[in-house]
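Colleague: First the structure, which I've put down as structure tokens, then a few questions once you've had a look.
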Amino acid sequence: MAKWYAEDDIAALLHPAKLIARIEEGFADLSAGSLIDPPPRRIDVDEHAANVTTFPAYWPRLGLASVKVLSGVLTNPAHGRPMIDAIVVVMDAATGTVRAIMGGRGITARRTAAASAVAVKYLAPGDGGTLAIVGTGAQGIAHAETLPLVRSFTEILIASATGERTRAANVAQSIRSRTRLPVSAADAREAIGRGDVVVTATTASEPVAASDDVKSDTLLLSVGSFRPDETEIDPALVEAAGMIVADDAERLRAAWRTTRLHFAARATDLAAIVTGSVSPQMSGLRVFLSDGRAFEDLAAAAIVLESAAETGFEALQLPGTLPRFFAAH
């Protein structure tokens, strides 16, 4: 019978170091053709500034399949609601039995940060330097806590894209007290200018990072909006990069095909970097564009199930039909 894993369960069971390693394995399997990760299906609901997207995946190595159903509503934060909501449904691939249904917000934030960590591992190896994060939401926090697992930074700067310095200071203090990492608050432009690794994790529809803002030897990771009609970093900055890597280079090319910009044509898939078929550039301006892949959600969900089995954790069992369960809770 299927079990329900709430966000608190996921936070306790999803170990970031394991997730980084699992996602790295996933990119290798994807390159070898032994992982099925079809394009997501997205519906835009323009009158509500919203979208609904499904992400299916099947990973034979794990014997599991999953579908994440995600909604995003840009106006939600103004009303005190999360911008993103999601669930992940995990199925036994051999029997089709639903093994679990999991809250998806935590999985989304953590798997995105883990994929970014894989990019940092290959494109910015070594230790030291400054990690600058623009964004004080779940993605920014997840990146601040995850990227130091692959590179030990001298300092970590947290900035708000909207200039809310108090918010940035509170988030920095919270991360510092939980992790003992060297985290402090900064203004966005100051953080970007000092960063050796820069993460933009915002919902901005106008660029928060431009060519003049970054150092010439920076790895820039964009994990927020990067589409022709809404970009958190200046496309000219991407054009100027010596190397452009995406977790789904083909999807990036499709999104930007109708524009006059040419950077998407030379984007390298992260899977090619992981497998060594393309050598990474480790100096100069490099850009990683994250759009999220369905197998990353499956990787995270599988670790939750494995950790629950190892620790004897008992998730809430779903009684009867799903409608009865949700009506009762």
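Colleague: List the number of the failed condition for A309; all other conditions in (1) farther than 30 Å from D44 by Cβ; (2) part of a helix (DSSP H, G or I); (3) small (G, A, S); (4) not assigned by TED's automatic domain parsing to the domain that holds P39 hold.
Modeller: Tallying (1) farther than 30 Å from D44 by Cβ; (2) part of a helix (DSSP H, G or I); (3) small (G, A, S); (4) not assigned by TED's automatic domain parsing to the domain that holds P39, A309 fails exactly one: (4).
Colleague: I would also like to ask the following. Being closer than 15 Å to D37 by Cβ and of a type in the set (A, V, I, L, M) is the filter here, so list the residues in segment 273-290 that pass it.
Modeller: V274 - this is the single residue of segment 273-290 that is closer than 15 Å to D37 by Cβ and of a type in the set (A, V, I, L, M).
Colleague: Further question on the same structure: So how many residues does segment 167-194 have that are at pLDDT 95 or above, over 20 Å from S216 (Cβ atoms) and not in a loop (DSSP other than H, G, I, E, B)?
Modeller: Residues meeting the conditions: 14.
Colleague: Now for a separate question. Restricting attention to segment 9-16, does a residue exist that is in the same structural domain as E310 (by TED's automatic domain parsing), under 30 Å from R151 (Cα atoms), touching a strand residue (DSSP E or B) at 6+ places or on another chain (Cβ under 7 Å) and not aromatic (F, W, Y)? Can you show your working first?
Modeller: Going through segment 9-16, the residues in the same structural domain as E310 (by TED's automatic domain parsing) turn out to be 9-16.
Restricting the remaining residues to those that are under 30 Å from R151 (Cα atoms) gives 9-16.
After this cut, where a residue has to be touching a strand residue (DSSP E or B) at 6+ places or on another chain (Cβ under 7 Å) as well, the list is 10.
Next, only the ones that are not aromatic (F, W, Y) stay: 10.
Yes; the residues of segment 9-16 include at least one that is in the same structural domain as E310 (by TED's automatic domain parsing), under 30 Å from R151 (Cα atoms), touching a strand residue (DSSP E or B) at 6+ places or on another chain (Cβ under 7 Å) and not aromatic (F, W, Y).
Colleague: While we're here: Taking the condition of being acidic (D, E) and either outside any loop (DSSP other than H, G, I, E, B) or farther than 19 Å from A119 by Cα (or both), how many residues in segment 195-223 meet it?
Modeller: Final tally of qualifying residues: 3.
Colleague: Can you pull out every residue in segment 117-130 that is touching a helix residue (DSSP H, G or I) at 6+ places or on another chain (Cβ under 6 Å) and under 21 Å from R189 (Cα atoms)?
Modeller: T130
The values are calculated or read from the model by the stated rules, or taken from the named source; none is laboratory data. Keep in mind that this is a model prediction, so the values were computed, not measured. Cβ: placed from backbone, ideal geometry, glycine included. Neighbour counts: every protein chain shown.
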